[in-house]
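Chemist: Starting off with a structure, shown below.
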Amino acid sequence: MWISLIGLSIFALLILRYFPGSWLKDNYHLNAIIGYLAVAGIFYIAIYVMGLPTLQYFGIPKIRLKALVAVALAFPAPILQIVGAELEYSSWLDVVSGIAFLLMIGFGEEMLSRGFTYGVLLKLGRFRAILFSSLFFGLLHINVYIPGYLGWDTYFHVMSTFGFGMIMCALMIVTRSIWIPVLFHAMMDWHIPFEKDSAPVDDNNVYSLWDNLTMPFFSLAFDVFITLVLLGIDRARMPNLPKWFWRAALRFKLIEPTTNFANNVPN
């Protein structure tokens, strides 16, 4: 199983690096869109043929009270990412192609990492599947630095995407939809096509080996905390609220119709 996952991950990276290759080398966005679409298609077929349990997350998102709470909790992260970046929109064509590019990044990477890898690893249990599929997701981003120098930036990137992968797994579980992580993923990468070109900064700060090794763990610890909170929301029983609240929630399909109104707690 592990050899197969590593082999398929390398296969996906080769697609993204070399397909469609020189056909569209003058149009980076279109080239990347086709590559990510190919990865998404291949792994969706694999998920469907293997009948992986993650198929349950491919339907239209269901509006549930827990899902709304989870999305509200996770939503500030991509918004801060967008607001905090120096962005530039040169033309409507660039905006449209950039958004399509971002959606394909989210679609392709989520299909591979959350749909396929997490689905295969679920036989090990939910928490191990979240951990190892997110680690695979982080390691895949080494590809960004090849060929080149695999320095501390590579390590920081792998660690940050490792933590982000865990949050996306938990968000998919609590919202019962892979499409929510696809959108979040696209928003988190918003800076890639739209960030302003800036002059390189001469950073004379020299960090010790210990500092470089441990700095990413502060962010990783926060990501683990958010992941556990999201999983806790998924497992939690709804609080004791007035019956009118449950009737309104049922009316607007925020909860399932199996609600036990006698106790004000969902079954």
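The values are calculated or read from the model by the stated rules, or taken from the named source; none is laboratory data. Keep in mind the model is a prediction, meaning the values are calculated, not measured. A quick note on method: Cβ atoms are made from the backbone with ideal geometry, for glycine too, and the neighbour counts reach across all protein chains shown. Note: accessible area is taken over every heavy atom of the protein model, side chains too, but ligands, DNA and RNA are not part of it. Shrake-Rupley method; radii C 1.70, N 1.55, O 1.52, S 1.80 Å.
Chemist: Among the residues of the range 114-123, is any exposed (fewer than 14 other Cβ atoms within 10 Å of the Cβ) and in a helix (DSSP H, G or I)? Even if it seems obvious, please write down each step before you answer.
Modeler: Just the residues of the range 114-123 that are exposed (fewer than 14 other Cβ atoms within 10 Å of the Cβ), to begin with: 123.
From the residues that got through so far, the ones that are in a helix (DSSP H, G or I) too are 123.
Yes, the range 114-123 contains at least one residue that is exposed (fewer than 14 other Cβ atoms within 10 Å of the Cβ) and in a helix (DSSP H, G or I).
Chemist: Name the one entry in Val120, Val144 that is β-branched (Val, Ile, Thr) and farther than 18 Å from Gly7 by Cβ. I'd like the intermediate steps shown before the answer.
Modeler: On the way: Val120 fails: farther than 18 Å from Gly7 by Cβ.
Only one candidate passes the filter, namely Val144.
Chemist: Based on what the data block shows, is Leu5 at pLDDT 85 or above, part of a helix (DSSP H, G or I) and open to solvent by 40 Å² or more (accessible area, probe 1.4 Å)? If you could, list the steps in order and put the result at the bottom.
Modeler: Details: at pLDDT 85 or above: yes; part of a helix (DSSP H, G or I): yes; open to solvent by 40 Å² or more (accessible area, probe 1.4 Å): no.
No.
Chemist: If Tyr36 passes every condition in (1) open to solvent by less than 70 Å² (accessible area, probe 1.4 Å); (2) out of contact with any Gly (no Cβ under 8 Å at 6 or more places or on another chain); (3) of a type in the set (Phe, Trp, Tyr) but one, which one does it miss?
Modeler: (2)
Chemist: Right, next: I'd like the full set of residues that are among the β-branched types (Val, Ile, Thr) and under 20 Å from Gly163 (Cβ atoms), limited to the range 99-150.
Modeler: Taking the range 99-150 and keeping what is among the β-branched types (Val, Ile, Thr), we get 99, 105, 117, 120, 130, 142, 144, 146.
Result: Ile105, Thr117, Ile130, Ile142, Val144.
Chemist: Where in the range 144-259 are there helices (runs of 4 or more DSSP H), lying fully within it, with 2 or more residues that are more than 29 Å from Ala100 (Cβ to Cβ) and at pLDDT below 95? Spell out the reasoning first.
Modeler: Values: elements: 152-175, 179-188, 191-194, 209-235, 243-251.
Ranges flagged: 152-175, 209-235, 243-251.
Chemist: Collect the residues in the range 80-97 that are part of a helix (DSSP H, G or I) and exposed (fewer than 13 other Cβ atoms within 10 Å of the Cβ), keeping them in residue-number order. Can you show your working first?
Modeler: Quick first cut of the range 80-97, residues part of a helix (DSSP H, G or I) only: 80-83, 92-97.
Selection gives Leu80, Val83, Trp92, Leu93, Val96.
Chemist: Among the numbered criteria (1) surrounded by 15 or more Cβ atoms within 10 Å (Cβ to Cβ); (2) not in a loop (DSSP other than H, G, I, E, B), which one does Pro61 miss?
Modeler: Of (1) surrounded by 15 or more Cβ atoms within 10 Å (Cβ to Cβ); (2) not in a loop (DSSP other than H, G, I, E, B), only one is false for Pro61: (2).
Chemist: Sticking with this one: What pairs can you find where one residue is in the range 163-187 and touching a residue at least 24 places away in the same chain (Cβ under 8 Å), the other is part of a loop (DSSP other than H, G, I, E, B) and surrounded by 22 or more Cβ atoms within 10 Å (Cβ to Cβ), and their Cβ atoms are less than 6 Å apart, with a gap of 6+ or different chains?
Modeler: Going by the 6 Å Cβ cut-off, the qualifying pairs are Met172/Ile178.
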